[in-house]
Amino acid sequence: MVDQEKIRQGVRLLLQGIGEDTKREGLTETPDRIARMYGEICGGMEMDVSKILSKTFAAENAEMVLEKDIVFYSMCEHHMLPFFGKVHIAYIPDGKVVGLSKLARCVEVYAKRLQLQERMTEQIAEAVMKYLAPRGVMVLTEAEHMCMTMRGVKKPGSKTVTYAVKGVFAEEKALQENFFRMLRLD
Ligand code: ZN
């Protein structure tokens with residue numbers, strides 16, 4: 001559970017630290033606003049991925065299912081600045097499939113917290129593998145990191161790509177190639 005009072009205190013200190021007047025009109029509500037906002041931004045920590053992915057349907061289909069362009073917003077844990085982009089999830093069912101909106105919800109669970117892109121990609125793949133028990137899963141994440149674009153090396157538009165493979169996707173390179181081919185289709 002997010003401790004809103006601690007966040008309010010912390011934001012006041014941060015404002016003072018950068019030399020701001022916490023009493024000026026534009027800032028009086030800011031600590032409270034940020035405290036409420038963090039409840040949402042880090043809301044994934046209170047979501048239960050097992051509940052989301054446990055509602056499966058029996059299916060004969062044994063071909064790759066690809067849910068692509070799942071938009072996400074997360075927060076880099078090193079700078080507490082946003083990183084955002086798209087997640088693409090493919091899996092090969094083994095008797096059961098999950099509603100497509102559930103994959104998007106699964107992404108939310110791991111995006112809405114302080115994160116590393118590499119870890120988020122891995123966690124999504126692990127969750128799909130664990131709760132859906134497919135023959136294999138592949139997750140690819142492409143994201144822009146504000147800590148790369150608005151500070152430091154300042155490379156706007158640069159993207160970081162990470163991916164994770166499990167099961168048959170890890171064993172068969174041809175499946176990975178098929179995944180990349182399907183990603184390029186519009
Ligand atoms: Zn960062």
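Please treat every number below as a calculation from the coordinates, not as lab data. The model shown is predicted, which means the values in this text are computed figures rather than measured ones. So basically every Cβ, Gly included, is an ideal-geometry build from the backbone, and we count neighbours across all protein chains shown.
Residue by residue, here is whether (1) in contact (Cβ under 8 Å) with a residue 12 or more places away in the chain; (2) more than 27 Å from Leu185 (Cα to Cα); (3) aliphatic (A, V, I, L, M); (4) surrounded by fewer than 12 Cβ atoms within 10 Å (Cβ to Cβ) holds:
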{"residue": "Gly17", "(1), (2), (3), (4)": "no, yes, no, yes"}
{"residue": "Glu20", "(1), (2), (3), (4)": "no, yes, no, no"}
{"residue": "Glu25", "(1), (2), (3), (4)": "no, yes, no, yes"}
{"residue": "Glu29", "(1), (2), (3), (4)": "no, yes, no, yes"}
{"residue": "Val49", "(1), (2), (3), (4)": "yes, yes, yes, no"}
{"residue": "His78", "(1), (2), (3), (4)": "yes, yes, no, yes"}
{"residue": "Leu81", "(1), (2), (3), (4)": "yes, yes, yes, no"}
{"residue": "Ala111", "(1), (2), (3), (4)": "yes, no, yes, no"}
{"residue": "Leu116", "(1), (2), (3), (4)": "yes, yes, yes, no"}
- [ ] Mind listing whichever residues of the range 136-164 are closer than 18 Å to Glu122 by Cα, out of contact with any Asp or Glu (no Cβ under 9 Å at 6 or more places or on another chain) and either among the β-branched types (Val, Ile, Thr) or more than 15 Å from the ligand (Cβ to nearest atom) (or both)?
- [x] Met138, Leu140, Glu142, Tyr163
TODO: Specify the residue that is nearest to the chain's Cα centre (by Cα); the eligible residues are those in the range 113-136 that are small (Gly, Ala, Ser) and under 17 Å from Lys55 (Cβ atoms).
DONE: Ala127
Task: Close pairs (9 angstrom Cβ cut-off, 6 or more residues apart or separate chains): free of Cβ contacts under 8 Å to residues at least 24 places away in the same chain in the range 143-158, assigned to a helix (DSSP H, G or I) and within 11 Å of the ligand (Cβ to nearest atom) anywhere - done: Lys154/Met148; Lys155/Met148; Lys155/Thr149; Pro156/Met148; Pro156/Thr149; Gly157/Thr149; Ser158/Met148; Ser158/Thr149
- [ ] Would you mention how many residues in the range 84-105 are buried (at least 22 other Cβ atoms within 10 Å of the Cβ) and either within 16 Å of Ala143 (Cβ to Cβ) or out of contact with any strand residue (DSSP E or B) (no Cβ under 8 Å at 6 or more places or on another chain) (or both)?
- [x] 2
Task: Leading residue by the ranking (farthest from Glu122 (Cα to Cα)) among those in the range 165-178 that are of a type outside the set (S, T, N, Q) and in contact (Cβ under 8 Å) with a residue 40 or more places away in the chain - done: Leu175
Open item on the list: For the range 68-112, give me each residue that is away from the ligand (no atom under 16 Å from the Cβ), in a helix (DSSP H, G or I) and in contact with a helix residue (DSSP H, G or I) (Cβ under 8 Å, 6 or more places away or on another chain).
Closed with: Lys102, Leu103, Arg105, Cys106, Val107, Glu108, Val109, Tyr110
Open item on the list: So, in the range 11-39, exactly how many residues are among the basic types (Lys, Arg) and more than 25 Å from the chain's Cα centre (by Cα)?
Closed with: 3
Task: Of residues in the range 159-184 being among the aliphatic types (A, V, I, L, M) and under 22 Å from the mean Cα position of the chain (by Cα), the one surrounded by the most Cβ atoms within 10 Å (Cβ to Cβ) - done: Ala164
Open item on the list: So, in the range 131-174, exactly how many residues are touching a helix residue (DSSP H, G or I) at 6+ places or on another chain (Cβ under 8 Å) and in a helix (DSSP H, G or I)?
Closed with: 4
